[in-house]
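Working notes, structure below.
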Amino acid sequence: MALALDDYPDRYALTNELHARPFPELTAPCRALHLALKQEGDAAGRDREADRAHLAALLDRYGAPHLPPGANHYSGTLGRGFLKWEMHTEFVTYTIFLDGTAHPPFSGEMSTIFPQDWLSASPGKVVTSALVRIEKVETALEPMLLEQFPEWFVLESLAVAKVVDAEAVIAGDFRIDENGHTRFAVLAVPGIGHRRLGRIVQRVLEVETYRSMSLLTLPVARQVAGAVARLDRELAEVV
């Protein structure tokens, strides 16, 4: 029975927004390239239509349909991959998913889906560029840790963790490689659900993106720390 009450303004729109950005459904083996682009200066007050126009230019290259006017997210087939685009308060993200894994690992060849002239015309600059290699682990994990991880990652920075009831292992060294990408590996057990695997990869990318964004304030923090130290000395002299 419906409530005899007025709805709060935009109640339905806000509730639907929660479900408008679904997690990708992934099948291992596959791979992903994730870009987070941010304008310098007042990024929150930027012209967001420029971001939408940049996305539309990419979609036109592949004959893909445009996003609706004013939309802040887009998902759809792009050539041989699947594109997920999102507009955030201060930045936009492009994530492309491809079936199979690259050889050699983390070669970055999937970045060719983004035309070079299109990339150079971006309104924003790269804050995050991450490659994710997603595999199923049919055998013991230890051989991969000992044999392949030393080739993929810088071991002194490597972090490895089991997630979601040990159905997957995430690994990454949070370093930028020679091609300008950070690297992550997601190793899933056989039988893991497509949605669950998609949620794991999406969360890895979100952690990496917001880690990078949070570090943008480090130069300012260092300047402020120097000013605070100077004021502390002056205060001590006054006292």
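Where a number appears in this text, it was derived from the coordinates with a stated rule and is not lab data. Just so it is clear, the model here is predicted, and its values are computed rather than measured. Because the Cβ atoms are built from the backbone with ideal geometry, glycine has one as well, and the counts that use them run over all protein chains shown.
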Cβ pairs under 7 Å, 6+ apart or interchain, first in the range 202-227 and touching a residue at least 24 places away in the same chain (Cβ under 8 Å) and part of a helix (DSSP H, G or I), second surrounded by 15 or more Cβ atoms within 10 Å (Cβ to Cβ) and small (Gly, Ala, Ser), ordered by first then second residue, are Leu205/Ala130; Glu208/Ala130; Thr209/Ala36; Ser212/Ala36
Checked against (1) part of a loop (DSSP other than H, G, I, E, B); (2) surrounded by 17 or more Cβ atoms within 10 Å (Cβ to Cβ); (3) in contact with a Gly (Cβ under 8 Å, 6 or more places away or on another chain), Ile192 satisfies every condition except (3)
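Which of the residues spanning the range 149-175 are touching a residue at least 40 places away in the same chain (Cβ under 8 Å) and either surrounded by fewer than 15 Cβ atoms within 10 Å (Cβ to Cβ) or touching a helix residue (DSSP H, G or I) at 6+ places or on another chain (Cβ under 6 Å) (or both)?
Selection gives Glu151 alone.
Which one is farthest from the chain's Cα centre (by Cα) among residues in the range 176-189 that are under 15 Å from Ser111 (Cα atoms) and crowded, with 16+ Cβ neighbours inside 10 Å?
Taking the range 176-189 first, the residues under 15 Å from Ser111 (Cα atoms) are 177-183.
This time we only want the ones that are crowded, with 16+ Cβ neighbours inside 10 Å, so: 177, 181-183.
On the way: Asp177: 16, His181: 12, Thr182: 11, Arg183: 12 Å.
Among those residues, the one meeting the criterion is Asp177.
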Within the range 113-148, the residues that are loosely packed, with under 15 Cβ neighbours inside 10 Å and of a type in the set (Ser, Thr, Tyr) are Ser120, Thr139
